[in-house]
């Protein structure tokens, strides 16, 4: 029995590495040109997408409007005949020749207006079980006083370094940013 060796192939690195200060400056210039071209292409794409979207939305509008009108009419008829088409309220779905209609209860939701006043009143009424308290580590405070938590297991402060290339660019007078 012979064993077959598994070979793993990876693509060769194709990164351009400048060899001189001039080549580095030239590479930065090219990065700037290509970034500007990407910006132009993105703007052109978005302009074209906006035109296409507008064209289709214009074509869809009469259909959306008619669907809304028909739906309101169907709902009005169904509400007027609800008892008959739901067997006296025994079912929530009514099958018609071309489709069905249904009434569905949405799940209950809580709406709070004036949260601070509501919290205050809940506290005064002794209903604190309806108040959520969330404990979490204050990372901003730790960054302000790193020496105070230096010996606390589980807390470490990390800082990395990014390499950034910023090609020089001039802006035209009156150009929107």
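Coordinate-derived values only; no laboratory data. Computed from a predicted structure; not experimentally measured. Methodologically, a virtual Cβ is constructed for each residue, glycine included, from the backbone with ideal geometry; neighbour enumeration extends over all protein chains shown.
Worth a mention:
- The chain, helix-only ellipticity at 222 nm - DSSP H runs n ≥ 4, -39,500 (n - 2.57), divided by all residues, nearest 500: -15500 deg cm²/dmol
- Modelled this way, with points 7 Å down the Cα-to-C-beta line, the labels at residue 60 and residue 25 are 5.3 nm from one another.
- For the pair residue 127 and residue 113, label points projected 7 Å from Cα toward Cβ lie 1.6 nm apart.
- Principal-axis tilt of helix 115-124 within the chain, Cα atoms, nearest 10 degrees: 70 degrees
- Cα shape, the stretch 91-177, gyration tensor, a/c 1.5 rule: oblate
- A Stokes-Einstein calculation at 20 °C with viscosity 1.002 mPa s, built on the Kirkwood radius of the stretch 20-101 over Cα pairs, returns a diffusion coefficient of 117 µm²/s.
- Relative contact order computed over the chain (Cα-Cα under 8 Å; 6+ residues apart), in percent: 22 percent
- Once the Cα atoms are used to define both axes, helix 21-80 deviates from the longest principal axis of the chain by about 0 degrees.
- For the chain, projected area of the alpha-carbon convex hull averaged over all directions, nm²: 33.1 nm²
- One Cα centroid belongs to the stretch 35-92, the other to the stretch 127-177; the line between them spans 42 Å.
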